[in-house]
Amino acid sequence: MSGASEPATANPVEYIQHHLANWHVGHGFWSVNLDSLLVGWVLAGVIMWVSWRVGRSLDPDRPTGIQNVLESLMEFVDGMVQEAFASRNPFVAPLAFTVFVWVFLMNSLDLVPVDLFPKIFSYFGVEHFRLVPTTDPQTTFALSLSVFALVIFYNIKVKGPMGYLKTFLFHPFGKWLIPANIVMTLVEEIAKPLSLALRLFGNMFTGELVFLLAALLPFYVQPLLGSVWGIFEMLVITLQAFIFMVLTIMYLSIAHEEAH
């Protein structure tokens, strides 16, 4: 494993290329990035386990510790959902909260030293391993397409099949420009998952690349630059998870609007 077994400055291009390659099976469009799946599933398991433990020990009269934190966050998210939705949907707030926590945890792995997990997995014969799932477009597009599927589902559920079809036929220019309406609405709908996926991927990939570039600098510069960028990256990690959650709420809110 060239990037992990020799100094980063020995071959900077090879070092960066090595760290930007995923552990995968298959080729081309049909390749599956196993590292993103593994880390994503582990974090999902952690969320479920913590939720189960907290759920077992809930005390409405004397909430303490993590229960206080989770309740405060959940109340905040629920308040945002109530402001965005004209009608009540009890599914959206827990979904938005789960999306925020899961994306935040995946993003936060960007603060782990870039060589640590590739080195560990190299002992098990894994040549490439990327720890941060949200630096993988497969992950961000899977998340955004899941949200988009829910948007389509609620559009059809609330407006009805014909009501949803009418949004393509008569929006935004009215019944005299149906071809233009179809094109414009299709672009608008396709832009939703694209914006969700590319915004998250682009910001997290940039953060990963900066940490890799910092690893190429002399060892006496790395701690200072890594610390400064790490503080800034903590803001990016939280902000990107928050934006993904807010856009999820807004897209679902639009889907719940009655057809005119």
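The values are calculated or read from the model by the stated rules, or taken from the named source; none is laboratory data. Owing to the predicted nature of the structure, the values given are computational and were not obtained by experimental measurement. Don't worry about glycine lacking a Cβ; one is built from the backbone with ideal geometry, like all the others, and counts go over all protein chains shown.
Could we say that Gly79 is of a type outside the set (D, E, K, R) and crowded, with 19+ Cβ neighbours inside 10 Å here? Show your work before the answer.
Details: of a type outside the set (D, E, K, R): yes; crowded, with 19+ Cβ neighbours inside 10 Å: no.
No: the conditions fail for Gly79.
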So Val158 ticks every box in (1) buried (at least 19 other Cβ atoms within 10 Å of the Cβ); (2) touching a His at 6+ places or on another chain (Cβ under 6 Å) but one. Which box is left unticked? (1)
Looking at region 80-100, can you tell me whether even one residue there is under 30 Å from Trp23 (Cβ atoms) and either among the acidic types (Asp, Glu) or out of contact with any helix residue (DSSP H, G or I) (no Cβ under 6 Å at 6 or more places or on another chain) (or both)? yes
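For (1) at pLDDT 95 or above; (2) not in a helix (DSSP H, G or I), each residue gets a yes or a no:
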residue: Glu14; (1), (2): no, no
residue: His18; (1), (2): no, no
residue: Ala21; (1), (2): no, yes
residue: Phe29; (1), (2): no, no
residue: Val39; (1), (2): yes, no
residue: Val42; (1), (2): yes, no
residue: Gly45; (1), (2): yes, no
residue: Met48; (1), (2): no, no
residue: Ser51; (1), (2): no, no
Residue list for region 198-221, restricted to those being surrounded by fewer than 19 Cβ atoms within 10 Å (Cβ to Cβ), in contact with a helix residue (DSSP H, G or I) (Cβ under 6 Å, 6 or more places away or on another chain) and more than 22 Å from Thr139 (Cβ to Cβ): Leu216
Only one of these is touching a Leu at 6+ places or on another chain (Cβ under 8 Å), among the β-branched types (Val, Ile, Thr) and touching a residue at least 40 places away in the same chain (Cβ under 8 Å): Ile182, Ile237, Ile178. Name it. Ile237
Please name all residue pairs, on different chains or six or more residues apart, with Cβ atoms under 7 Å, provided the first residue is in region 87-106 and is more than 18 Å from Tyr251 (Cβ to Cβ) and the second residue is among the hydrophobic types (A, V, I, L, M, F, W, C) and outside any helix (DSSP H, G or I). Met106/Val132
Take the residues of region 64-80 that are under 21 Å from Val54 (Cβ atoms) and among the hydrophobic types (A, V, I, L, M, F, W, C): which is modelled with the lowest pLDDT? Ile66
Among the candidates Ala191, Ala197, which residue alone is under 16 Å from Leu247 (Cβ atoms), without any contact (Cβ under 8 Å) to a residue 12 or more places away in the chain and part of a helix (DSSP H, G or I)? Ala191
